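Nothing in this text is a laboratory measurement; each read-out follows from the coordinates by a stated rule. In this text the structure is predicted, and so the values were computed from the model without any measurement. All Cβ positions, glycine included, derive from the backbone under ideal geometry; neighbour counts span all protein chains shown.
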Amino acid sequence: MTQDINEPTQRSKTENIKQFATKIGFADCKVTRASNRPKSEKFYADWISQNNHGEMSYLVKHAPLKTNPKQILPNAKSIILTTLNYYQPRINQGNNGQIARYANGRDYHKVFKKKLTELDKKLNDLFPNAQTRFFADSGPLLERDYATNANLGYIGKNTMLITPKYGSWVLIGEIIIDQELEYDSFNQLEHGVCGTCTRCISVCPTKALKSDYTIDAKLCISYLTIENKGPIPIELRPLMGDWVFGCDLCQEICPHNFRQKPSTEPNFNQAIAGSQIDLQEILSMQTEEQFVARFAGSPIMRAKLRGLQRNACVVAGNLKRKDLLPILTQLQQSEDILIAEHADWAVQEIQKITN
Ligand code: SF4
């Protein structure tokens with residue numbers, strides 16, 4: 001059977017997908033074969049077995065799926081990888097808690113999901129009977145590896161995907177599809193390298209990053225302030241500095257990130273949490289309703305009021321905020337032992353300089 005010359009080819013369909021992806025606001029879009037094994041397959045298994053994931057038990061649960069898209073979509077042929085630039089300039093408003101840039105505006109899962117839904121509809125137009133599955137960050141796939149396979153960037157010693165246009169200030173999302181497409185492949189010449197640079201390793205206050213391109217998540221400030229639901233280890237508290245939710249230090253220091261460009265995505269530009277947070281406001285919140293009213297739609301919701309107040313106590317102690325002693329003293333009496341203990345620690349830290 002001969003092909004109708006008017007029928008779009010695999011190449012033109014792939015091009016069409018990529019053009020549509022950038023039209024709806026993705027920074028980049030490339031495609032890799034679903035059957036290409038991710039480079040860090042063994043590495044990831046070792047990382048989990050060494051308990052580097054801390055309390056993130058979902059990573060253990062997802063482990064069998066992470067390296068095999070066919071476990072997610074049985075007839076998976078291709079993975080369409082997209083990136084979204086989230087960089088925001090930091091507005092320094094003084095002696096308060098800092099928020100990682102990705103969490104300044106609306107929750108990126110929601111933003112990504114909306115865009116991936118649009119892209120998925122486009123795929124359904126191009127391949128009417130296609131089966132697809134899509135994920136944004138939360139997906140059970142080693143997405144940075146697949147993004148590297150697709151030539152979107154390379155993975156640096158800070159364990160981030162570093163892209164040629166936006167550095168590591170990108171989020172990754174993907175669609176798995178049961179259709180053959182035209183594939184990209186990794187080309188080192190299009191990317192930088194870390195080489196002898198170790199800036200991110202040196203700047204990390206908790207020494208979470210290792211020179212072998214790995215991270216001990218249990219030491220990472222992002223993990224400690226978001227995923228960790230219990231007490232923050234006492235020896236790590238002074239090292240958290242003023243980070244109240246997440247941390248950008250290993251990205252801010254990276255020479256590849258001097259090419260950053262502010263995101264044009266309106267959902268990231270309209271600050272919900274903003275880049276700094278008023279510690280007094282957080283420590284004074286008394287109900288989940290107040291917390292939800294302030295942070296609905298923001299990634300901050302992940303920490304819950306309890307986690308955010310715990311973090312705010314640590315930052316108040318680190319910043320020696322004497323003006324917060326009255327509210328911290330009240331929190332020392334909290335029925336929640338987690339809050340009471342962190343408030344107690346903060347009071348003692350502040351009193352070290354006042355006594
Ligand atoms: Fe690589 Fe240096 Fe960037 Fe770290 S700071 S990711 S070592 S280039």
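Structural remarks
- Tail fraction, Cα-Cα pairs, region 1-277, threshold 23 Å, whole percent: 56 percent
- Summed over qualifying helices (DSSP H, 4 residues or more, each -39500 (n - 2.57)) and divided by its residue number, the chain shows a 222 nm mean residue ellipticity of -10500 deg cm²/dmol.
- Relative contact order, percent, region 279-355 [alpha-carbon distance under 8 Å, six or more residues apart]: 31 percent
- Remark: region 120-136, residue by residue, has Karplus-estimated 3J(HN,Hα) of 4, 5, 4, 4, 5, 5, 6, 10, x, 9, 6, 9, 9, 9, 10, 9, 10 Hz, where x stands for each Gly or Pro and the curve is 6.51 cos²θ - 1.76 cosθ + 1.60 at θ = phi - 60°.
- Estimated FRET transfer efficiency (N124, T329; beta-carbon r; R0 41 Å; 0.05): 0.10
- Normalised by the number of residues in region 1-277, the mean separation of alpha-carbon contacts (under 8 Å, six or more apart) gives a relative contact order of 28 percent.
- Angle in degrees between helix 304-318 and the longest Cα principal axis of the chain, rounded to the nearest 10: 60 degrees
- Applying D = kT/(6 pi eta Rh) to region 131-251, where Rh is the Kirkwood radius over alpha-carbon pairs, T corresponds to 4 °C and eta to 1.567 mPa s, the Stokes-Einstein value obtained is 80 µm²/s.
- Amide H contacts under 5 Å for I162: Y154, I155, G156, restricted to partners 5 or more places along the chain or on a different chain, H placed in the peptide plane at 1.01 Å from N.
- If you sort the three axes of the alpha carbon gyration tensor as a ≥ b ≥ c, you get a/c of 1.5 or more for region 279-355 and a/b above b/c, which makes it prolate.
- Think of it this way: in the chain, C29, C194, C197, C204, C220, C247, C254, C313 stand alone, with no other Cys Cβ under 4.7 Å.
- The amide H of S275, built 1.01 Å from its N in the peptide plane, has I91 as neighbours under 5 Å, considering only residues 5 or more places off or on other chains.
- At 0.890 mPa s and 25 °C, Stokes diffusion of region 222-313 via Kirkwood alpha-carbon radius, µm² per second: 167 µm²/s
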